[in-house]
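Student: Please see the structure below; I have some questions.
The values are calculated or read from the model by the stated rules, or taken from the named source; none is laboratory data. This structure is a prediction, so every number in the text was calculated from the model and none was measured. Note: ideal-geometry Cβ built from the backbone for every residue, glycine included; neighbour counts use all protein chains shown.
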Amino acid sequence: MTAIAAAPARVGAVATWRRRLRSLLGRPAFTVSLVLIVAWVVVAISWRLYVPYSPDATNAMAPFGEPSGAHLLGTDWLGRDVFSRLLAGSTSVIILAPAITVVALVVGSLTGLATGYYGGLVDVGVMRLVDAVNTMPGIVLSVLALTVLGRSDLVLVLVIAGGFAPLVARTVRASVLAERERDYVDAARLRQEKGPYMIGVEILPNVLPTILVEGAIRLGYAVFAVATLSFLGLGPQQPSPDWGLTVSLGVQYVQNAPWILLAPSVAIASLVISVNLVADELRREFLR
Amino acid sequence: MRQYLAQRIALIPVTLFVVSLLTFILAQLVPGDVGRTILGPYATNSQVHALDQRLGYNLPVLQRYWHWATGFVSGNWGVSPVLQVPIRPLVMSRLGNSLLLAATAFVIVVPISVTLGVVAGVREGSRTDRAISLVGLALLGLPEFVGATVLIVVFGVTLAWLPVTAQAPPGSGLLTRLHYLVLPAIPLVFVLFGYISRTARSGTIETSNAQFLRTARLKGIPRRAVLTHHLLPNALLPTVTVIGFQVGYLIAGLTVIEELFNYPGLGQLLISSATDHDLPTLADITMLVAIIFLVANVLADASYALLNPRIRARRAR
């Protein structure tokens with residue numbers, strides 16, 4: 001009986017998602033940004049196939065080369081090709097930022113769903129802890145943790161995700177609290193459904209838009225955080241072509257060879273702005 | 001409201017206690033051998049042992065925490081094992097430099113972003129609004145060092161209008177020092193602009209739709225008076241609070257800018273003590289930053305209560 005009743009609802013849900021996607025694709029800000037993000041992801045995966053030079057190949061004869069036909073964006077202080085390093089440098093942030101977002105979303109959503117649905121003492125306790133974590137400015141906590149635990153990608157992901165998860169939990173919890181009052185939850189309760197079923201099958205699909213939008217917003221902050229920490233020397237280490245690291249090393253040559261730091265700066269800007277525009281359009285479409 | 005504020009203030013020591021535990025665990029328990037972490041792999045065992053003894057790291061855990069926490073509260077922060085100078089005067093002078101930079105950024109950003117935010121809000125949906133909102137959104141997510149490097153290349157190198165270092169020559173007056181701070185402050189302005197103008201905009205829109213504003217308009221009050229006397233005092237309330245909350249963000253922004261411009265502020269000290277494994281200094285900076293952050297947030301909440309005419313009226317009654 002429930003299966004029959006549920007079937008049309010599922011079809012309706014798919015149609016709704018399809019309609020929303022079509023409406024989103026009709027907006028230039030969203031489409032252009034999405035294409036740019038996809039392009040960077042493709043580059044991050046496939047740059048080895050078409051980079052003109054090896055990103056690590058040094059050339060002692062040609063340091064600080066100006067942009068030219070041979071080197072589209074010039075060469076850096078070791079004579080390495082700036083264009084090749086620009087493409088190769090996308091890999092670290094394209095892997096780390098989504099990893100941070102996924103960890104933060106999974107941990108934060110589970111916490112938010114559980115505390116929001118069950119309430120009670122667990123809710124109070126977890127929310128106090130969330131408040132405490134939020135009072136530590138992320139940068140200080142990250143620097144301290146990366147110093148003590150050592151600089152590795154895993155620590156970087158866990159530290160930033162650890163700072164984001166409480167924020168996700170708070171948003172999801174608020175959304176669950178609103179859903180809990182709806183009729184369909186009462187109906188399921190009358191059918192004597194159990195907690196995990198209620199959370200997973202009844203409530204989760206309805207808070208999914210919230211989680212999706214929160215994920216897009218967090219992804220923007222994650223790119224920001226990864227770029228900033230690697231600029232501060234707490235991310236990938238030399239000779240990685242990572243964008244943030246390259247900018248911080250290129251600063252001392254800014255007077256004579258500004259292209260070394262301009263290329264990765266513009267790349268970070270393009271990625272971050274695209275992610276934020278996509279997140280903003282998603283927020284408008286789903287959380288009106 | 002007063003009760004809420006009292007509650008917030010009473011929670012500060014509790015939160016600080018949790019933060020101090022977290023800091024203590026990270027800076028003193030996780031590294032295992034603190035002396036070895038600070039001195040590095042090339043120090044002899046007796047050197048490590050001597051440092052552990054001097055810093056009290058050979059005591060039992062609870063005693064160590066007590067030693068460190070009471071020392072921090074009484075202002076006795078000890079001597080940095082790496083820099084060999086007393087930590088508190090060093091941190092405080094760096095904090096002063098950071099505050100000067102932060103103040104410069106705020107003086108530039110607040111008038112600009114509030115004005116543009118209100119303009120966008122008043123003309124909601126217009127082309128002006130779209131442009132201001134889009135610029136704000138783009139700047140909001142731009143890491144400070146990205147904006148800063150582009151600015152350095154354009155204004156510092158190509159046009160050579162502004163000095164590219166943040167530090168004025170020693171002995172120069174406040175005005176010269178401020179001149180040197182303009183370029184470093186602008187990237188902070190970029191990010192802050194996004195948050196502040198957005199809040200000013202949505203506050204303006206929300207207030208424009210309120211009943212009392214319609215009444216004011218229908219009474220025939222001139223447009224300008226409606227704007228300055230009825231709309232703005234209500235519309236900008238959330239903005240004041242948001243400006244207060246930016247202090248937390250600003251700490252991260254300052255760190256990046258100080259590092260980039262080689263400016264001797266608190267953020268630069270944070271990074272250099274991390275690079276040098278100067279854990280005692282790192283722990284004290286963490287605590288100080290947490291205190292500043294907490295106090296700023298409570299002040300932001302308090303300012304909302306003080307400025308809100310409704311809450312003020314309730315108290316007068």
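Student: If I ask for residues that are at pLDDT 85 or above and among the hydroxyl-bearing types (Ser, Thr, Tyr), which ones from segment A:126-155 would you list?
Tutor: Across segment A:126-155, the qualifying residues are A:Ser142, A:Thr147, A:Ser152.
Student: Additional query: What is the residue count in segment B:175-220 for residues that are over 21 Å from B:Ala120 (Cα atoms) and of a type in the set (Asp, Glu)?
Tutor: 0
Student: Right, B:Leu151: more than 26 Å from B:Ser272 (Cβ to Cβ), within 11 Å of chain A (Cβ to nearest Cβ) and not acidic (Asp, Glu) or not? Let's see the steps before the verdict.
Tutor: Working: more than 26 Å from B:Ser272 (Cβ to Cβ): no; within 11 Å of chain A (Cβ to nearest Cβ): yes; not acidic (Asp, Glu): yes.
So B:Leu151 fails the test.
Student: Next question. Any idea which of B:Ala200, B:Ala216, B:Ala138, B:Ala225 is closer than 28 Å to B:Asn262 by Cα, assigned to a helix (DSSP H, G or I) and among the aliphatic types (A, V, I, L, M)? Write out each step before concluding.
Tutor: Values: B:Ala200 fails: closer than 28 Å to B:Asn262 by Cα; B:Ala216 fails: closer than 28 Å to B:Asn262 by Cα; B:Ala225 fails: closer than 28 Å to B:Asn262 by Cα.
After ruling out the rest, the residue left standing is B:Ala138.
Student: Let me ask something else. Are there any pairs, at least 6 apart or on different chains, whose C-beta atoms fall under 6 Å, with the first in segment A:116-145 and more than 13 Å from chain B (Cβ to nearest Cβ) and the second surrounded by 14 or more Cβ atoms within 10 Å (Cβ to Cβ) and at pLDDT 85 or above, and if so, which?
Tutor: A:Gly116/A:Arg173; A:Gly116/A:Val176; A:Gly116/A:Leu177; A:Tyr117/A:Val176; A:Tyr117/A:Ile199; A:Asp123/A:Thr115; A:Val126/A:Thr115
Student: Given the conditions (1) surrounded by fewer than 24 Cβ atoms within 10 Å (Cβ to Cβ); (2) facing chain B (nearest Cβ under 7 Å); (3) polar (S, T, N, Q), report the number of the one that A:Ser240 does not fulfil.
Tutor: Of everything listed in (1) surrounded by fewer than 24 Cβ atoms within 10 Å (Cβ to Cβ); (2) facing chain B (nearest Cβ under 7 Å); (3) polar (S, T, N, Q), A:Ser240 misses just condition (2).
Student: Kindly check whether there is at least one residue in segment A:171-190 that is touching a Pro at 6+ places or on another chain (Cβ under 7 Å), away from chain B (no Cβ under 14 Å) and in a helix (DSSP H, G or I). Steps first, answer last, please.
Tutor: Start the filter on segment A:171-190 by keeping residues that are touching a Pro at 6+ places or on another chain (Cβ under 7 Å), which leaves none.
No: zero hits.
For every residue, the table says whether it meets (1) at pLDDT 85 or above; (2) surrounded by 14 or more Cβ atoms within 10 Å (Cβ to Cβ); (3) in a helix (DSSP H, G or I); (4) within 14 Å of chain A (Cβ to nearest Cβ).
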{"position": "B:Pro163", "(1), (2), (3), (4)": "no, yes, no, yes"}
{"position": "B:Thr176", "(1), (2), (3), (4)": "no, no, yes, no"}
{"position": "B:Ile186", "(1), (2), (3), (4)": "yes, yes, yes, no"}
{"position": "B:Gly194", "(1), (2), (3), (4)": "yes, yes, yes, yes"}
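Student: Sticking with this structure for a sec: Give the residues of segment A:151-174 that are of a type in the set (Gly, Ala, Ser) and either under 21 Å from A:Thr91 (Cβ atoms) or buried (at least 22 other Cβ atoms within 10 Å of the Cβ) (or both), sorted by residue number.
Tutor: Restricting attention to segment A:151-174, the residues satisfying the condition of being of a type in the set (Gly, Ala, Ser) are A:152, A:161-163, A:165, A:169, A:174.
Of everything in segment A:151-174, those that are of a type in the set (Gly, Ala, Ser) and either under 21 Å from A:Thr91 (Cβ atoms) or buried (at least 22 other Cβ atoms within 10 Å of the Cβ) (or both) turn out to be A:Ser152, A:Ala161, A:Gly163, A:Ala165, A:Ala169.
Student: Quick one: B:Val91 ticks every box in (1) free of Cβ contacts under 8 Å to residues at least 12 places away in the same chain; (2) closer than 30 Å to B:Pro13 by Cβ; (3) not acidic (Asp, Glu) bar one, so which box is it?
Tutor: The failed condition is (1).
Student: Pairs, please: C-beta under 6 Å, at least 6 apart or cross-chain, first residue surrounded by fewer than 20 Cβ atoms within 10 Å (Cβ to Cβ) and in segment B:99-110, second among the β-branched types (Val, Ile, Thr)?
Tutor: Qualifying pairs under 6 Å: B:Ile108/B:Val189.
For (1) among the charged types (D, E, K, R); (2) touching a Lys or Arg at 6+ places or on another chain (Cβ under 9 Å); (3) more than 11 Å from every other protein chain (Cβ to nearest Cβ); (4) surrounded by fewer than 22 Cβ atoms within 10 Å (Cβ to Cβ), each residue gets a yes or a no:
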| residue | (1), (2), (3), (4) |
| --- | --- |
| B:Ile205 | no, no, yes, yes |
| B:Phe212 | no, no, yes, yes |
| B:Ala225 | no, no, yes, yes |
| B:His229 | no, no, yes, yes |
| B:Pro238 | no, no, yes, yes |
| B:Tyr249 | no, no, no, yes |
| B:Ala252 | no, no, no, no |
| B:Tyr263 | no, no, yes, no |
| B:Ser273 | no, no, no, no |
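Student: Here is a further query. Can you name every residue in segment B:36-55 that is within 14 Å of another protein chain (Cβ to nearest Cβ) and assigned to a helix (DSSP H, G or I)?
Tutor: Within segment B:36-55, the subset within 14 Å of another protein chain (Cβ to nearest Cβ) is B:36-38, B:40-41.
Listed by number, the residues that qualify are B:Arg36, B:Thr37, B:Ile38.
Student: Return yes when A:Glu214 is of a type in the set (Asp, Glu), touching a residue at least 40 places away in the same chain (Cβ under 8 Å) and surrounded by 24 or more Cβ atoms within 10 Å (Cβ to Cβ) and no when it is not.
Tutor: On the way: of a type in the set (Asp, Glu): yes; touching a residue at least 40 places away in the same chain (Cβ under 8 Å): yes; surrounded by 24 or more Cβ atoms within 10 Å (Cβ to Cβ): yes.
For A:Glu214, the condition - of a type in the set (Asp, Glu), touching a residue at least 40 places away in the same chain (Cβ under 8 Å) and surrounded by 24 or more Cβ atoms within 10 Å (Cβ to Cβ) - is met.
Student: Given the residues B:Pro13, B:Pro31, which is the only one that is in contact (Cβ under 8 Å) with a residue 24 or more places away in the chain and either part of a helix (DSSP H, G or I) or of a type outside the set (A, V, I, L, M) (or both)?
Tutor: On the way: B:Pro13 fails: in contact (Cβ under 8 Å) with a residue 24 or more places away in the chain.
On inspection, the qualifying residue turns out to be B:Pro31.
Student: With respect to A:Ala279, is the statement that it is in a helix (DSSP H, G or I), within 11 Å of another protein chain (Cβ to nearest Cβ), crowded, with 22+ Cβ neighbours inside 10 Å and touching a Phe, Trp or Tyr at 6+ places or on another chain (Cβ under 9 Å) true? Outline the logic, then answer.
Tutor: Numbers: in a helix (DSSP H, G or I): yes; within 11 Å of another protein chain (Cβ to nearest Cβ): yes; crowded, with 22+ Cβ neighbours inside 10 Å: yes; touching a Phe, Trp or Tyr at 6+ places or on another chain (Cβ under 9 Å): no.
In short, no.
Student: A follow-up question, please. Taking the conditions exactly as written (under 22 Å from B:Ile291 (Cα atoms) and either within 26 Å of the chain's Cα centre (by Cα) or part of a loop (DSSP other than H, G, I, E, B) (or both)), does B:Asn58 satisfy them or not?
Tutor: Numbers: under 22 Å from B:Ile291 (Cα atoms): no; either within 26 Å of the chain's Cα centre (by Cα) or part of a loop (DSSP other than H, G, I, E, B) (or both): yes.
Considered against the rule, which asks whether it is under 22 Å from B:Ile291 (Cα atoms) and either within 26 Å of the chain's Cα centre (by Cα) or part of a loop (DSSP other than H, G, I, E, B) (or both), B:Asn58 comes out as no.
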